[in-house]
1. Filter segment 91-108 for residues that are crowded, with 19+ Cβ neighbours inside 10 Å and of a type outside the set (A, V, I, L, M); which is nearest to S170 (Cα to Cα)?
2. So which strands (runs of 3 or more DSSP E) are wholly in segment 200-244 and hold at least 1 residues that are within 16 Å of G277 (Cα to Cα)?
3. Any residue in segment 109-122 that is more than 18 Å from V208 (Cα to Cα) and buried (at least 24 other Cβ atoms within 10 Å of the Cβ) sitting within a Cβ distance under 6 Å of a residue that is of a type outside the set (S, T, Y) and at pLDDT 95 or above? List the pairs, counting only those 6 or more apart or interchain.
4. For A203, state whether it is on the phi > 0 side of the Ramachandran plot and touching a Pro at 6+ places or on another chain (Cβ under 7 Å).
5. Could you go through segment 55-65 and let me know if any residue there is among the hydrophobic types (A, V, I, L, M, F, W, C) and more than 19 Å from the chain's Cα centre (by Cα).
6. Would you check which residues across segment 144-166 are in contact (Cβ under 8 Å) with a residue 40 or more places away in the chain and not in a loop (DSSP other than H, G, I, E, B) and list them?
7. Please determine, by comparing only the residues of segment 255-267 that are modelled with pLDDT of 95 or more and in a loop (DSSP other than H, G, I, E, B), which one is farthest from Y283 (Cα to Cα).
8. Residues that are out of contact with any Ser or Thr (no Cβ under 7 Å at 6 or more places or on another chain), on the phi < 0 side of the Ramachandran plot, part of a loop (DSSP other than H, G, I, E, B) and among the hydrophobic types (A, V, I, L, M, F, W, C): does segment 290-303 have at least one?
Amino acid sequence: MMAFRTIGVALCALAAMIPAATHARPADVITVPGFADFLAVDGKTVWVTNKGRVERWSRHGKITAVAMDKPCGAMAIAAGALWVADCRQGTLNRIDLRNPKVVASIATGIADPGGELNVVAGAGSIWVASDAKGLIARVDPASNRVIASIAVDPATSYLAFGLGSLWAVSGPHQSVQRIDPATNTVTKTTPLGRAPGFLVAGAGAVWVQEQGDGTLARIDADSGEVTGRVKVGDSLKWGDIDAGGGKVWLRTTDDQVYVAIDPDTLTITARVGPKSGSGALRYTRHGLWTTAHDQHTLTWWPL
C-alpha cells in the first residue's frame, strides 16, 4: 500500500508541473468587423490595425477610426502619436492621438509589404525596417524625417527596442542583430533556429519566436548569445509576443490563445483559451489584449 501511495504522490506532483489549457472566460470578447490584427496599448484603450483603417477601442466599444490605405504590422506610440506602417504606400504614418488623423506620411519604404514587421520607438526615434535588401530607417519625430539608414541582414523586418539597443530579426537569414543607437551600427549578430519572427526586449532578456521550431529563444542582452529555449508547440507562426509583470506572453496559433512563460525557469506557467488562429497580443498590468482576425474578435483577458 505504501508503494502505491508513493507512486500516487509522485504522479500528482508531476501533473502539477504540466500546465493544462485553461479555458477561462474572458471579461470581454468584442466583435470587430474586418481584419482586426496588430495592437498598440494607449492607456485603457487599444489601437488595432484593420482593413483600410486603424481603430481605437475600449472594453466598451469602438472610439474612433482613421483611414489608411493598408495599415500593417505592429505599431508604436511615442511623441504624442501612433506610428503605423502603410504597406501599400511604403510609408510610415504619424497619427495624432489627441485629434486622431494622419498628420505626416514619411516615405521610408517598407521591407516586408506582407506586413510581418514592427514599428518601434526608442532612443528618441522611431524605427522601421525599410528595404528588403537590408535597411532600417531611423526617423526623428521632431522633424518627421529619416535621419539614418542602418545596414542589416537582407529580409530583416522584425524589430524590438529595449535593454539599451535596437534588436532586429531576419527570418530567412535566421539571425537576430543588436544595433547600437549611438552609432547606428550592428554590434552583434546571433544565429537562431528556423523562421525566427516577432521578438520583445524585456523581462531581463531578448525573446525571439523561432516560429519554424515552435520554440522561444532567450538571448542575453550583454553577450548577445542564446542562453535558453522554451518548447511551446509544433509551430509559432503568425503569433505575437510581449513581456510584463515578470512574465513573457506569447500569442499562439495552435492549441490555445496564449501562454505565459517564467523568464527565469523557462517554464510555461499557463496555457489560456481555446485555439483561435492568428492574431496579436499586448500586455497591460491589469490584463491582456488579444486579436483573432479570422474570428473578427478583440478580447480583453483580466490578469
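The values are calculated or read from the model by the stated rules, or taken from the named source; none is laboratory data. If you're wondering where the values come from, they're calculated on a predicted model, not measured in any experiment. Using ideal geometry, Cβ is built from the backbone for each residue, glycine included, and neighbour counts are taken over all protein chains shown.
1. Among those residues, the one meeting the criterion is T108.
2. Qualifying strands (runs of 3 or more DSSP E): 240-244.
3. I110/A85; I110/C87; I110/G90; A111/A129; A111/D131; A111/A132
4. Here the answer is yes, as A203 does meet what is asked.
5. Looking for residues that are among the hydrophobic types (A, V, I, L, M, F, W, C) and more than 19 Å from the chain's Cα centre (by Cα), one finds at least one in segment 55-65, hence yes.
6. V146, T156, S157, Y158, L159, A160, F161, G162, S165, L166
7. In this case the residue turns out to be T265.
8. Yes - at least one qualifying residue is present in segment 290-303.
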